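Shown next, in structure tokens, is the structure this report addresses.
The values are calculated or read from the model by the stated rules, or taken from the named source; none is laboratory data. Here the structure is a predicted model, which means the values were calculated and not measured. Methodologically, a virtual Cβ is constructed for each residue, glycine included, from the backbone with ideal geometry; neighbour enumeration extends over all protein chains shown.
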Amino acid sequence: MQVCIVAYVSGIVQGVGFRYSTQQQALALGVTGYAYNMDDGGVEVLACGELQQVERLVEWLKQGPRSARVDRVLTEPRGYRPYSGFTIRY
């Protein structure tokens, strides 16, 4: 089943390579979408793909890379639409 989930990650997640690490994890899992630094200091991640792979990425987001400190991950379902690759948005 193909799904899209948007995740809002808060904590120390900017300036620590969080988006790059998220991109690497997503590509390894075959998940498409993007990672974006929000003005409030958090990161927004859109993850689209097979349900199991998207869920694995969301679980990874709860830990993040070693350089980050994740305090909270809030997720919302989104209507599925195909994305090409996984990009870092600025």
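A compact table of results
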item	result
Single residue of the range 1-36 satisfying the filter (in contact with a strand residue (DSSP E or B) (Cβ under 6 Å, 6 or more places away or on another chain) and over 19 Å from PRO77 (Cα atoms)) that is surrounded by the fewest Cβ atoms within 10 Å (Cβ to Cβ)	LEU27
The one condition in (1) surrounded by fewer than 21 Cβ atoms within 10 Å (Cβ to Cβ); (2) in contact with a Cys (Cβ under 6 Å, 6 or more places away or on another chain) that GLN53 fails to fulfil	(2)
Filter result for VAL70 (surrounded by fewer than 20 Cβ atoms within 10 Å (Cβ to Cβ) and part of a strand (DSSP E or B))	yes
Residues satisfying the stated conditions in the range 14-27, i.e. farther than 12 Å from TRP60 by Cα and out of contact with any Ser or Thr (no Cβ under 8 Å at 6 or more places or on another chain)	GLN14, GLY15, ARG19, TYR20, LEU27
Residues (exposed (fewer than 12 other Cβ atoms within 10 Å of the Cβ) and within 14 Å of VAL58 (Cα to Cα)) located in the range 73-90	LEU74, GLU76, PRO77
First in the range 1-18 and closer than 11 Å to GLY64 by Cβ, second anywhere and surrounded by 16 or more Cβ atoms within 10 Å (Cβ to Cβ) and among the basic types (Lys, Arg), Cβ under 9 Å, 6 or more apart	VAL13/ARG19
Conditions (1) among the hydrophobic types (A, V, I, L, M, F, W, C); (2) in contact with an Asp or Glu (Cβ under 7 Å, 6 or more places away or on another chain); (3) closer than 15 Å to THR87 by Cβ; number of the one not met by MET38	(3)
Some residue of the range 17-25 being modelled with pLDDT of 95 or more and part of a strand (DSSP E or B)	no
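Residue by residue, here is whether (1) part of a loop (DSSP other than H, G, I, E, B); (2) under 11 Å from the mean Cα position of the chain (by Cα) holds:
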position: VAL3; (1), (2): no, no
position: TYR8; (1), (2): no, yes
position: GLY15; (1), (2): yes, no
position: GLY33; (1), (2): no, yes
position: GLY41; (1), (2): yes, no
position: VAL45; (1), (2): no, yes
position: GLY49; (1), (2): no, no
